[in-house]
1. Within segment A:1-87, considering only strands (runs of 3 or more DSSP E) that don't extend past its boundaries, which have at least 1 residues that are over 26 Å from B:Phe94 (Cα atoms), open to solvent by less than 50 Å² (accessible area, probe 1.4 Å) and touching a residue at least 60 places away in the same chain (Cβ under 8 Å)?
2. Please verify whether B:Val66 is within 26 Å of A:Leu45 (Cβ to Cβ), within 14 Å of another protein chain (Cβ to nearest Cβ) and touching a residue at least 12 places away in the same chain (Cβ under 8 Å), treating the condition exactly as stated.
3. Scan segment B:39-52 and tell me whether some residue there is more than 11 Å from chain A (Cβ to nearest Cβ), over 24 Å from A:Ser94 (Cβ atoms), modelled with pLDDT of 95 or more and surrounded by fewer than 20 Cβ atoms within 10 Å (Cβ to Cβ).
4. Tell me, yes or no, whether segment A:28-44 has at least one residue that is under 18 Å from B:Leu47 (Cα atoms), more than 8 Å from chain B (Cβ to nearest Cβ) and in contact with a Ser or Thr (Cβ under 6 Å, 6 or more places away or on another chain).
5. Within segment B:9-26, does at least one residue satisfy the condition of being open to solvent by 30 Å² or more (accessible area, probe 1.4 Å), within 14 Å of another protein chain (Cβ to nearest Cβ) and within 15 Å of the chain's Cα centre (by Cα)?
6. Looking only at segment B:76-104, which residues are touching a residue at least 24 places away in the same chain (Cβ under 8 Å) and closer than 27 Å to A:Phe47 by Cα?
7. Quick one: is B:Asp86 away from chain A (no Cβ under 14 Å), open to solvent by less than 20 Å² (accessible area, probe 1.4 Å) and over 14 Å from A:Leu104 (Cα atoms)?
Amino acid sequence: DTEVTQTPKHLVMGMTNKKSLKCEQHMGHRAMYWYKQKAKKPPELMFVYSYEKLSINESVPSRFSPECPNSSLLNLHLHALQPEDSALYLCASSQDSRQHTGELFFGEGSRLTVL
Amino acid sequence: AQTVTQSQPEMSVQEAETVTLSCTYDTSENNYYLFWYKQPPSRQMILVIRQEAYKQQNATENRFSVNFQKAAKSFSLKISDSQLGDTAMYFCAFMKPPVNSKLTFGKGITLSVRP
């Protein structure tokens, strides 16, 4: 299994809603990432988890709250978002070992629209 | 801080022809990884090819090869025998050790393969 699965694929929410994005991988990877991508732009790193611990937070606003319940799952909790937060949210995973090649495996993304 | 520059926003190539995508980067590091990622219109980003800076030999993966010039900080991607399925956005990316650190992307280039 070489997939990173993200749900939902599409999400529309109001600025007062609370929702969550979910990501799952079964490749035994111990590092997981959230990226935000606007149309025709490169992905922007938001968070990195290594061995279920948050290792990088790229100064993301607190209305985005990541959670890593176990080594296979990564969530992104959303609350009080703004219309400018509308984007494609990509999850990725990678090995975390001496054999790490640097390659990230990406999911297809969750397309978020904030009204 | 590292920067990755892709100065060509768009390119077009005839099917079966060869095309080269340019990338330059800036870093003071001596050991690092370079990548080309492909993101087709279906959105999922996949790794095309990777290069470790300490390796002088240029990486090759089937129809894809790189021209890595470390002194010039240049990392171009050559696609031979272009296929319609190569139509995608291509991102050049940089990562410095330790593993699971930030992947710095260039702005990307949209490649269209014409039938």
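1. A:10-13, A:18-25, A:73-79
2. Here the answer is no, as B:Val66 does not meet what is asked.
3. No, every residue in segment B:39-52 fails to be more than 11 Å from chain A (Cβ to nearest Cβ), over 24 Å from A:Ser94 (Cβ atoms), modelled with pLDDT of 95 or more and surrounded by fewer than 20 Cβ atoms within 10 Å (Cβ to Cβ).
4. Within segment A:28-44, one or more residues are under 18 Å from B:Leu47 (Cα atoms), more than 8 Å from chain B (Cβ to nearest Cβ) and in contact with a Ser or Thr (Cβ under 6 Å, 6 or more places away or on another chain).
5. Yes: segment B:9-26 contains one or more residues that are open to solvent by 30 Å² or more (accessible area, probe 1.4 Å), within 14 Å of another protein chain (Cβ to nearest Cβ) and within 15 Å of the chain's Cα centre (by Cα).
6. B:Ala88, B:Met89, B:Tyr90, B:Phe91, B:Cys92, B:Ala93, B:Phe94, B:Met95, B:Lys96, B:Pro97, B:Leu103, B:Thr104
7. Criteria met by B:Asp86.
The values are calculated or read from the model by the stated rules, or taken from the named source; none is laboratory data. Bear in mind the structure is a predicted one, so any value in this text is a computation, not a measurement. Note that we place each Cβ from the backbone using ideal geometry, even for glycine, and neighbour counts take in every protein chain shown. Protein only, heavy atoms only, side chains kept; ligands, DNA and RNA dropped before computing areas. Shrake-Rupley method; radii C 1.70, N 1.55, O 1.52, S 1.80 Å.
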